[in-house]
Structure formats: structure tokens, C-alpha cells
Amino acid sequence: MAEISTESLAIQTRDYILDHLRKGRWAGGLPAERKFSASLGVSRPVLREALQFLENQGYLQREKRLRVPS
């Protein structure tokens, strides 16, 4: 039986994005929200929550409606 995660989907999404940011993915900026959420298989509100955390922690910053790594 598969192990059930107790972490929220937003936390899992945040950790996934952060891991990939550290590896240099999306260096030019993240994909558009709709496309990004679809590619990750999460809802847009879940993605927004994850991105908001990353912004608040200084991993991302907004530039003209884009989020780019700090």
C-alpha cells in the first residue's frame, strides 16, 4: 500500500518548485499560472499558496506580473 502524505498539497507543491528552482529550472521566470498549475497537476489556488510562500521567503519576486527566482 502506498504511503499517505500528511503534508498539504500546497506544501508539497512549494517543495517541488523550490527543489527545481535550486537546480536552475525556470531561471528566466515561471510559466503562466494556468499552464504551470496544469503541468504540476494542482489547482490554481494551491499553486498560488505555494508561490506566495516562496515569495514571502524571498525565493521568488514579482517582475511585471512574472515571478522570477531571486
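The values are calculated or read from the model by the stated rules, or taken from the named source; none is laboratory data. What you see is a predicted model; the values in this text were computed from it and never measured. Here Cβ is always computed from backbone atoms with ideal geometry, including for glycine, and neighbour counts include all displayed protein chains. To get the accessible areas, we keep the full protein, side chains included, count just its heavy atoms, and leave off ligands, DNA and RNA. Shrake-Rupley method; radii C 1.70, N 1.55, O 1.52, S 1.80 Å.
Per residue of segment 46-58, what does 6.51 cos²θ - 1.76 cosθ + 1.60 with θ = phi - 60° give for ³J(HN,Hα)? Whole Hz please, x for Gly and Pro, Karplus curve as stated.
Karplus-based 3J(HN,Hα) across segment 46-58 equals 5, 4, 4, 4, 5, 5, 4, 4, 5, 5, 4, 8, x Hz.
So for ARG44, ARG34, what's the accessible-area order with a 1.4 Å probe, most first?
Highest to lowest solvent-accessible surface, that is ARG34, ARG44.
How far apart, in nanometres, would the label points at GLN57 and LYS35 be if each is projected 7 angstrom from Cα along the Cα-to-Cβ direction?
Placing both labels 7 Å along Cα→Cβ, they lie 2.6 nm apart.
Whose amide H sits under 5 Å from the amide H of LEU60, counting only residues 5 or more places off or on another chain, with H placed in the peptide plane?
Those qualifying (amide H under 5 Å, at least 5 residues apart or on another chain) are GLU55, SER70.
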